[in-house]
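Have a look at the structure below, then the notes.
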Amino acid sequence: MAGHHAIEATPVNRPHGRYTQDVLYAATRPGGGLSGTGITMVWLLRALLTVTLAWPVLGHTAFAEDSEPDVTDEDIEEIDAAAADQSAASPYEIAREKGVKAWTTPPGAKATPEEIDDHVLYVLGNVTNTMFHEFAHGLVSELELPVLGKEEDAVDAFANVVMVNHDDDPALDAMMVAVADDYFTAGQYEDGNSADMQMDEHSMSAQRAFSVICILVGADPEKFKQAADNAGMSPERQASCSADYEQAAGAWDKMLSDHYVKDGEKSTSKITVVYGKPAKGQEAIAKLVKESGIVEAVSEQMIGLIKFPNPIKVKVEACDDDNAFWSPEDRSVTLCYELAQGYLNNSLGIEPDDSGEE
Ligand SMILES: [Zn+2]
């Protein structure tokens, strides 16, 4: 298949599974931290919906076995259809499906349906992680949070923890692996011995890749063992990652505890998404990002999680720079089409002319 997917051979890389009643186990997922509060609430809402849908299924089974013999095949089909509908309730799964519909294969390139699915998950996964990263800069700035250590590492940790702290979601799992994958790819173009890299606010891409893997395998050592093995992470480091994960999730949870949207509370946050006109040649990536609704999905998750004190703007636009950034002055997150194009290029195996940072 096309592309430089350094750790592509993972069982979670091509998720064709759909949501099932696995979601009922959301609340019992191992690992504390953010999962105990706001994040889980968003997902619990979905779990509740699933429970509602699951009842007729349970009811029918019970009746079929004892007093009600007239359950027809049609009934069961109808229930399955309802369950399949519910299966699309993950905002990331929905974005993936819309993204596949919005996909345009670049001129001269070829892509099978499976490859298109991979490319879409890759781009959307990296956009998702970047958006959470920039929103985390927004949290630090808007909520005046203290930061111990490098802010870039802290906001990376937020993005990684938020993405991993959910109930089973094959689309999101694949997206997370794609994030690590992209950092490994970016790392191939970096010179770790250069002072420029060493003094950068960000950790080096290879380190950021392992941080993603560490959060994944720390949150769920079994599910992500293969991805960690493929990335070359030693069993000892994989084992110690559970402490990294707990610390990152716990620290953010403590920081955000006063700002969560509490149970039964309505979020006061307002996030507006505005799309700029793509530059020449950016039409396809702009269409993919916009029509997938991924930026809105991430924004809605932030709204459901946090009460921001001020309205936030998200600008998706051409910047003449492959970047994304938080601007404290106008309380905005900017996602450049160039950055999304860079993710797509990495997925397609097209080498960059220069390397960007977000
Ligand atoms: Zn940053």
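Let me confirm something: among Ile350, Ile306, which residue is within 18 Å of Trp103 (Cα to Cα), of a type outside the set (Asp, Glu) and away from the ligand (no atom under 16 Å from the Cβ)?
Values: Ile306 fails: within 18 Å of Trp103 (Cα to Cα).
Among Ile350, Ile306, only Ile350 is within 18 Å of Trp103 (Cα to Cα), of a type outside the set (Asp, Glu) and away from the ligand (no atom under 16 Å from the Cβ).
Looking at region 145-161 only, could you name the residues that are more than 13 Å from the ligand (Cβ to nearest atom), among the aliphatic types (A, V, I, L, M) and surrounded by fewer than 24 Cβ atoms within 10 Å (Cβ to Cβ)?
Leu145, Leu148
Of the residues that sit in region 212-239 and are in a helix (DSSP H, G or I) and among the charged types (D, E, K, R), which one is nearest to the ligand (Cβ to nearest atom)?
Taking region 212-239 and keeping what is in a helix (DSSP H, G or I), we get 212-219, 225-231, 235-239.
Applying the additional criterion that residues be among the charged types (D, E, K, R) yields 225, 229, 236-237.
Working: Lys225: 29, Asp229: 29, Glu236: 30, Arg237: 25 Å.
So the residue we want is Arg237.
Restrict the check to region 137-144 and report whether at least one residue is more than 14 Å from the ligand (Cβ to nearest atom) and touching a residue at least 60 places away in the same chain (Cβ under 8 Å). Lay out the reasoning, then the answer.
As a first pass, look at region 137-144 and keep what is more than 14 Å from the ligand (Cβ to nearest atom): 142-144.
Subsequent filtering for residues that are touching a residue at least 60 places away in the same chain (Cβ under 8 Å) retains 142-143.
So far as region 137-144 goes, yes, one or more of its residues are more than 14 Å from the ligand (Cβ to nearest atom) and touching a residue at least 60 places away in the same chain (Cβ under 8 Å).
Among the candidates Ala286, Ala279, Ala251, single out the residue that is more than 16 Å from the ligand (Cβ to nearest atom), within 17 Å of Thr130 (Cβ to Cβ) and of a type outside the set (D, E, K, R). Spell out the reasoning first.
On the way: Ala279 fails: within 17 Å of Thr130 (Cβ to Cβ); Ala251 fails: within 17 Å of Thr130 (Cβ to Cβ).
Exactly one residue qualifies, and that residue is Ala286.
Please return the ranges of helices (runs of 4 or more DSSP H) entirely within region 129-211 where 3 or more residues are at pLDDT 95 or above and farther than 17 Å from Ser327 by Cα.
Working: elements: 151-164, 170-188, 195-198.
Those helices (runs of 4 or more DSSP H) span 151-164, 170-188.
What is the number of the single condition among (1) assigned to a helix (DSSP H, G or I); (2) closer than 18 Å to Trp103 by Cβ that Pro278 does not meet?
The failed condition is (1).
Consider Asn345 carefully, then state whether it is away from the ligand (no atom under 16 Å from the Cβ) and free of Cβ contacts under 8 Å to residues at least 40 places away in the same chain. Let's see the steps before the verdict.
On the way: away from the ligand (no atom under 16 Å from the Cβ): yes; free of Cβ contacts under 8 Å to residues at least 40 places away in the same chain: yes.
Yes: the conditions hold for Asn345.
Within the set of pairs 6+ apart or on separate chains, which have a first residue in region 323-336 that is closer than 16 Å to Ser269 by Cα and modelled with pLDDT of 95 or more, a second that is more than 12 Å from the ligand (Cβ to nearest atom) and among the hydrophobic types (A, V, I, L, M, F, W, C), and C-beta atoms under 6 Å apart?
Arg331/Ile312; Val333/Val314
Would you pick out the residues in region 106-136 that are among the β-branched types (Val, Ile, Thr), over 18 Å from Ile94 (Cβ atoms) and within 16 Å of the ligand (Cβ to nearest atom)? Explain how you work it out, then say what you get.
So in region 106-136, the residues among the β-branched types (Val, Ile, Thr) come out as 112, 116, 120, 123, 127-128, 130.
Within this subset, residues satisfying the condition of being over 18 Å from Ile94 (Cβ atoms) are 112, 130.
The answer is Thr130, and nothing else.
Looking at Gly149 and the list (1) over 26 Å from Val316 (Cβ atoms); (2) in contact (Cβ under 8 Å) with a residue 12 or more places away in the chain, which single condition is not satisfied?
Of (1) over 26 Å from Val316 (Cβ atoms); (2) in contact (Cβ under 8 Å) with a residue 12 or more places away in the chain, only one is false for Gly149: (2).
Is there a residue in region 281-289 that is under 26 Å from Ile116 (Cα atoms), over 17 Å from the mean Cα position of the chain (by Cα), surrounded by fewer than 15 Cβ atoms within 10 Å (Cβ to Cβ) and not hydrophobic (A, V, I, L, M, F, W, C)?
Here is the first cut: in region 281-289, the ones under 26 Å from Ile116 (Cα atoms) are 281-289.
When the remaining residues are screened for being over 17 Å from the mean Cα position of the chain (by Cα), the result is 281-287.
Checking which are surrounded by fewer than 15 Cβ atoms within 10 Å (Cβ to Cβ) leaves us with 281, 283.
Now narrow it down to the ones that are not hydrophobic (A, V, I, L, M, F, W, C): 281, 283.
Yes: one or more hits.
The values are calculated or read from the model by the stated rules, or taken from the named source; none is laboratory data. Keep in mind it's a predicted model, so treat the numbers as computed, not measured. Ideal geometry is used to build each Cβ from the backbone, glycine not excepted, and the neighbour counts take in all protein chains shown.
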